[in-house]
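This report concerns only the one structure given below.
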Amino acid sequence: DKAGHKHFMAKEIAEQPTVLANALSAYLTDGGIHFTDEGLDFTKTERLVMVACGTAFYACLTAKYWFERIAGLPVEVDIASEFRYREPPIMPGTTALFVSQSGETADTLAALRFCKDRADRILSVVNVAESSIARESDVALPIHAGAEIGVASTKAFTCQLNVLLLLAIEAAHQRGRLSDADKARMLDDLRGLPGIFNIALDRNEIVRTVAVAISEARDILFLGRGLMYPLALEGALKLKEISYIHAEAYASGELKHGPIALIDNTVPVIVMAPSDSLFDKTVSNMQEVMARGGRVVLITDAAGAARAGHDVWKTIILPEVSEVLAPILYALPAQLLAYHTAIAKGTDVDQPRNLAKSVTVE
Ligand code: F6R
């Protein structure tokens, strides 16, 4: 049931305010965050190893910034198909964390099994609570996204980020890195996120016009720094999956180390950059692109748009959010951009060629 939408993907994008609110009410109590009745202890955790594939891997890359910055916890992130055959040493004090929408991805499950007798504890963040990955974990945390039918993951990604951020906040608080007041403030910010998502969904029409403008391109670059780098990766993946346009993502600072050679006026460059502490550096990267004729699509907030100058080709303005929450919100324009570009190209949005919803073979 597409609930009045043309595609499951459109429905699942639009559902995000609701499913995020559901997930928050499942995990938040008056006093804080409730994961399990036994509680989840991070005080003895020395390192976190996070493993996943595809979009779930990008959720892990985002969470690495949170765990390191907020909780001071060292994090390694790996692609499951690499991790499982590399068989890396797992030190005592390691919590292994697997992220999977389906809970059935073969490589992720194999990586989990490798960690079983080696890690102190196996956690998973899953959408399907009865899945193999959930069953084989010590603790499985559901993301409460509801069934995701569209092959390109949308609401599962933002709901994965939501649970991963709750974990980072809890770990930070337990480890004395976050005061009661700061924890309460971050949780309040999170409670406001579904409402902000609703406002951001109103940007649908402007994103659609940008999508039509980029739909003729053969190649598209995505750039982001810090927390926006994994979002750039996710934006590029989403776009290539359903529109079949070749899209690549780079950390903005890597531009001059090679990819800038690709820039000319046929290559749109999507820059994802809220006006955070790194914004000025991103502006100078954008100027490098524009000086070479590159057409910049800037996804930012009102303050960022004001600081970016007049040479930007197109700007998508999102509501202001805290730096920590920005990656969850910025997933939305990335999803909408891929969706409308695919519509403009006439591709099959819900069933893109060559892809399966759940990859149970390696
Ligand atoms: C991208 C996408 C895939 C999945 C990946 C992992 O839109 O859907 O990249 O994220 O196949 O799947 P799960 O999360 O089920 O392990």
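The values are calculated or read from the model by the stated rules, or taken from the named source; none is laboratory data. Fair warning: this is a prediction, and the values are worked out from it, not measured in the lab. Note: ideal-geometry Cβ built from the backbone for every residue, glycine included; neighbour counts use all protein chains shown. Protein only, heavy atoms only, side chains kept; ligands, DNA and RNA dropped before computing areas. Shrake-Rupley method; radii C 1.70, N 1.55, O 1.52, S 1.80 Å.
Being in contact with a helix residue (DSSP H, G or I) (Cβ under 8 Å, 6 or more places away or on another chain), open to solvent by 20 Å² or more (accessible area, probe 1.4 Å) and within 28 Å of A344 (Cα to Cα) narrows it down to one of L223, L237, so name that one.
Numbers: L223 fails: open to solvent by 20 Å² or more (accessible area, probe 1.4 Å).
Within the list L223, L237, the selection yields L237.
Of A3, A59, A26, A80, which residue is touching a helix residue (DSSP H, G or I) at 6+ places or on another chain (Cβ under 9 Å) and either of a type in the set (D, E) or within 20 Å of L325 (Cβ to Cβ) (or both)? Please lay out each step first, then the result.
Values: A3 fails: either of a type in the set (D, E) or within 20 Å of L325 (Cβ to Cβ) (or both); A26 fails: touching a helix residue (DSSP H, G or I) at 6+ places or on another chain (Cβ under 9 Å); A80 fails: either of a type in the set (D, E) or within 20 Å of L325 (Cβ to Cβ) (or both).
None of the other options fit; the residue is A59.
Cβ separations smaller than 8 Å between residues 6+ apart or across chains give the following pairs from region 83-104 residues that are more than 9 Å from S124 (Cβ to Cβ) and open to solvent by 10 Å² or more (accessible area, probe 1.4 Å) to residues that are among the basic types (K, R) and within 15 Å of the ligand (Cβ to nearest atom): S102/K357.
Just checking, does region 67-74 include any residue being within 16 Å of the ligand (Cβ to nearest atom) and surrounded by 22 or more Cβ atoms within 10 Å (Cβ to Cβ)?
Here is the first cut: in region 67-74, the residues within 16 Å of the ligand (Cβ to nearest atom) are none.
The answer is no; no qualifying residue exists.
From the list T36, T29, T43, which one is surrounded by fewer than 12 Cβ atoms within 10 Å (Cβ to Cβ), free of Cβ contacts under 8 Å to residues at least 60 places away in the same chain and among the polar types (S, T, N, Q)?
Numbers: T36 fails: free of Cβ contacts under 8 Å to residues at least 60 places away in the same chain; T43 fails: free of Cβ contacts under 8 Å to residues at least 60 places away in the same chain.
Within the list T36, T29, T43, the selection yields T29.
Taking region 316-335, which residues are closer than 21 Å to S243 by Cα, away from the ligand (no atom under 14 Å from the Cβ) and not aromatic (F, W, Y)?
Restricting attention to region 316-335, the residues satisfying the condition of being closer than 21 Å to S243 by Cα are 316, 330-335.
Restricting the remaining residues to those that are away from the ligand (no atom under 14 Å from the Cβ) gives 316, 330, 332-333.
Those that are closer than 21 Å to S243 by Cα, away from the ligand (no atom under 14 Å from the Cβ) and not aromatic (F, W, Y): I316, L332, P333.
Here D30 meets the list (1) more than 24 Å from the chain's Cα centre (by Cα); (2) farther than 20 Å from G192 by Cα almost entirely, failing just condition (2). If you filter region 150-162 down to residues that are β-branched (V, I, T) and buried (at least 24 other Cβ atoms within 10 Å of the Cβ), you find that the one that is nearest to the ligand (Cβ to nearest atom) is T154.
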